[in-house]
Amino acid sequence: MYSFNNNKITIKDYNTPTPWMNYMSNGTFHTMISQAGGGVAFYKSPQIWRINHYRFFHLPTDRSGFYTYIKDGKTVWCPTNEPCREKPEKWSATHGMGYTRFEAEKNGINVTATYFVGEFENALIWNLKLKSDVDKKITIFPFVELGMMEFMRELQWQCYNKHQLSCYNMDDVLVYKYAVEMQPKPDETPLVYFAADVPVKAFDCDRDEFVGAYRSEENPQNVEKGECTNSTLYGGDPCFALQLEIDLKAGEEKTVNIFLGTAMTEEEIKKSVTHCREKDFVDKSFKKLAEHWEEHLSKFRCEIPDKDAEVMINVWNPYQAERNFQFSRNISFYATGTFRGVGVRDTAQDILAMVPFDTRRAKDKLNLLFTQQYKDGHCNHYCFPTEGWEPVTRIHSDNHLWLVMAAYNIIMEEGKLDYLDEIVPYYDGGEATVWEHIKKSIDFCMENLGENGFPLMLSSDWNDMLYKVCRKGKGESIWTSMQLGTVLPYMAELAKLKGEDGQKYLDIYEAQKKLVNTIAWDGEWYRRCITDEGTFIGSAKEPQAKIWLNTQSWSVISGMGDNGRKAMDSVEKYLDTPLGIKKIHPAMTTDYPTKDANLTMYNKGCGENGSVFCHANTWAIIAECILGNADRAYKYYHQLLPMIAQKKAGEWRYKAEPYVYASNIFGPESDKFGLANVSWLTGTAAWMYVAVTQYMFGIKAKYDGLEINPCLSKEMLPAKVTRVLRGCKYEITITKNEKTFVSHIEGRKEYSITI
Ligand code: IFM
């Protein structure tokens, strides 16, 4: 059904259990596209500048998209396979780094359609290569169903606002103008265009004219008729459809390029289209894209016996992490891109996997998050920098602490303190250096301790669902204490490097550690939190949700848990399944701990209630590496590899892509055990990358150099790794009997290597 080959995956059957997606982006213009050509394009923000219609959760699934109808006599088919009922005789879809390619054949016509977004113009390029065995005249109809740019407005106000839209022809370039009452940022809203680099015979801008009544993308009436009607649209439902006549000589290959792009004015559209139509533009853009990814992925590469792990480590995990860094949790097949902007907690974690690749990108993102911090040290929960909307101001106990971790990682990667001196404004006025910002994070935590001395939960910690048990403001988070414990030594180290006294951070650490080992220890594991009423969640004494994963793994990560080893044994005993580690055990009923302050509305085994929560699995892998348990770390790592979990669960049970991590997998208490959910945009991507590169391979940037401390099981040995640090390339070899050798291949080495 699929095969991996270098930096790509080829899917041979279009009928996958869910759409298997890929993302394309140049940082401004973005597209998500499935193996069947469905998907959505947007300019900067899917919330306010969405280009085409993608109908989430509707039947048929995965519509609409970026389709080209091939009309060959009476036969109509699409190289994307969907949406026509008539199917190609041969077909494959290949997802690569920033591009997707369809190869299809029918009735002697061969089409290769490559979709990508290049660096030089804000456009999705469809590069079509057409070939025929015999002389043929065919008509092709590239088509995009446009939508209102604001998805929520479309759902609510479409009946009025649709009559303010226009879509028209400007010298064979179709233009869509979204200018409606009360839209956000009208002056920054682009025009959308659709152009080809071959003559246009006719076009349609009115979707209903092109498709016809009671029809769909499956069988547009103007394709059936073989001609567009040159419809324009000043009010109604817009589309872009072009009619292109192609004369194919036997054996000859013809190239047609289609550009779906954005520009601010008609003049700019003309310039952009002229540029796109230049002879080498498409080839140059594609070459640049390939070079970009080659460069990006060269920062860390490994050769190991486990080839499934190898392809994830070298290609798909860093690729997913980059896309996740870029899009936060905004838009995927599962997330509609309507409500979540940039989450401080999530994005700060995503930054961790960007740091080894590009510290400037990491710093820019982190600086954005610092603008959401208040002078007292707490942070907004989400912000909407592109849309300009008000942030979500709930105060969580963890957001501000993630900022410390991200900043520390940047300093270690760069091996210099400069970043700490960058000045970033506070959300509530004034500005401060990054160093001051992160000190405030700790201060806020210390000023918000509960009766037992742990950090107050506030509006929850990393586990979203804890919000209900601390509404009265008294609940305390044991996990946040461990998160604090993880970053306090970082603060002490940074203070020392800055020539300041960091002892107070170590003192706080010791005090919290004591609480963790006394109040939080339950006998077999660490408890999770304390409710407003003083009940311990995550205790053997409780009837449900007795053990939670995070306080076990973080007891080790923070170094606080004197019983960390025992706690991690309990993880294996109670939480591990063949498809990954559950977040809690046993799953809860919806009236626990009380009907009014219940922890969950999720069905058992789903989402936050007893699923295998992949993000949190990464911390168990890290904890096992810290404890030196290479075999267990590998077991946890390997069982979550998407292609392995998919094989074990079965492709039609697992459903999601076998090349990217999902957020969670339904747990054994669900009758759908093994169903992977919310793939692509998940914190799993960043943390899994950190887990495998920095803990299993054990290759970590430290202030004065590279630390190499592997924890690899036999399946990963021998290992050969190249890692670029501060412009210097190293080759690290770890032999079967766990001896490590390092050679310096490129760049000027100015720091130490510790093995
Ligand atoms: O930590 C959260 C994240 O912010 C959103 N998804 C679920 C996670 C766990 O609750």
Exercise for the section: Residue by residue through region 142-194, note down the ones that are part of a helix (DSSP H, G or I) and under 22 Å from residue 386 (Cβ atoms). Expected result: 151, 152, 153, 154, 155, 156, 157, 161, 186, 187, 188
Practice task
Could you look through region 394-427, keep only residues that are in a loop (DSSP other than H, G, I, E, B) and out of contact with any strand residue (DSSP E or B) (no Cβ under 9 Å at 6 or more places or on another chain), and pick out the one that is surrounded by the most Cβ atoms within 10 Å (Cβ to Cβ)?
Solution key: 417
Exercise for the section: Report yes if some residue within region 340-348 is at pLDDT below 95, within 16 Å of the ligand (Cβ to nearest atom) and surrounded by fewer than 24 Cβ atoms within 10 Å (Cβ to Cβ); otherwise report no. Expected result: yes
Fill in the blank from the handout: Those residues of region 70-88 which are surrounded by fewer than 24 Cβ atoms within 10 Å (Cβ to Cβ) and not β-branched (Val, Ile, Thr) amount to 71, 72, 73, 74, 81, 83, 84, 85, 86, 87, 88
Exercise for the section: Check 295, 303 and return the single one that is free of Cβ contacts under 8 Å to residues at least 12 places away in the same chain and either away from the ligand (no atom under 16 Å from the Cβ) or among the charged types (D, E, K, R) (or both). Expected result: 295
Fill in the blank from the handout: Within region 121-157, the residues that are out of contact with any Gly (no Cβ under 9 Å at 6 or more places or on another chain) and surrounded by fewer than 18 Cβ atoms within 10 Å (Cβ to Cβ) are 129, 135, 137, 152, 155, 156, 157
Exercise for the section: Return the residue satisfying two criteria in turn: it lies in region 587-602 and is surrounded by fewer than 17 Cβ atoms within 10 Å (Cβ to Cβ) and either among the aromatic types (Phe, Trp, Tyr) or touching a residue at least 24 places away in the same chain (Cβ under 8 Å) (or both), and of such residues it is nearest to residue 536 (Cα to Cα). Expected result: 598
Fill in the blank from the handout: When region 672-689 is checked residue by residue, the ones that are within 16 Å of the ligand (Cβ to nearest atom) and of a type in the set (A, V, I, L, M) are 676, 678, 681, 685, 686, 688
Practice task
From 647, 672, grab the single residue that is at pLDDT 95 or above, among the charged types (D, E, K, R), closer than 29 Å to residue 736 by Cα and more than 18 Å from the chain's Cα centre (by Cα).
Solution key: 647
Handout entry: From 618, 594, residue being within 16 Å of the ligand (Cβ to nearest atom) and either β-branched (Val, Ile, Thr) or under 21 Å from the mean Cα position of the chain (by Cα) (or both)
Key = 618
Handout entry: All positions within region 206-257 that are of a type in the set (Gly, Ala, Ser) and touching a residue at least 40 places away in the same chain (Cβ under 8 Å)
Key = 216, 226, 235, 236, 241, 250, 251
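Listed here are the residues, each with its yes/no results for (1) polar (S, T, N, Q); (2) out of contact with any Leu (no Cβ under 9 Å at 6 or more places or on another chain); (3) within 16 Å of the ligand (Cβ to nearest atom).
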| site | (1), (2), (3) |
| --- | --- |
| 607 | no, yes, yes |
| 626 | no, yes, no |
| 639 | yes, no, no |
| 642 | no, yes, no |
Practice task
May I ask you to say which residue of 609, 664 is in contact with a helix residue (DSSP H, G or I) (Cβ under 8 Å, 6 or more places away or on another chain), outside any loop (DSSP other than H, G, I, E, B), over 25 Å from residue 303 (Cα atoms) and of a type outside the set (D, E, K, R)?
Solution key: 664
Exercise for the section: Could you list all residues from region 460-493 that are farther than 20 Å from residue 522 by Cα, away from the ligand (no atom under 16 Å from the Cβ), outside any helix (DSSP H, G or I) and touching a strand residue (DSSP E or B) at 6+ places or on another chain (Cβ under 9 Å)? Expected result: 473, 474
Handout entry: Single match in 351, 395 (criterion: over 28 Å from residue 317 (Cβ atoms), of a type in the set (A, V, I, L, M, F, W, C), within 16 Å of the ligand (Cβ to nearest atom) and in contact (Cβ under 8 Å) with a residue 60 or more places away in the chain)
Key = 395
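The values are calculated or read from the model by the stated rules, or taken from the named source; none is laboratory data. Fair warning: this is a prediction, and the values are worked out from it, not measured in the lab. As a convention, Cβ positions derive from the backbone with ideal geometry for all residues, glycine included, and neighbour counts pool all protein chains shown.
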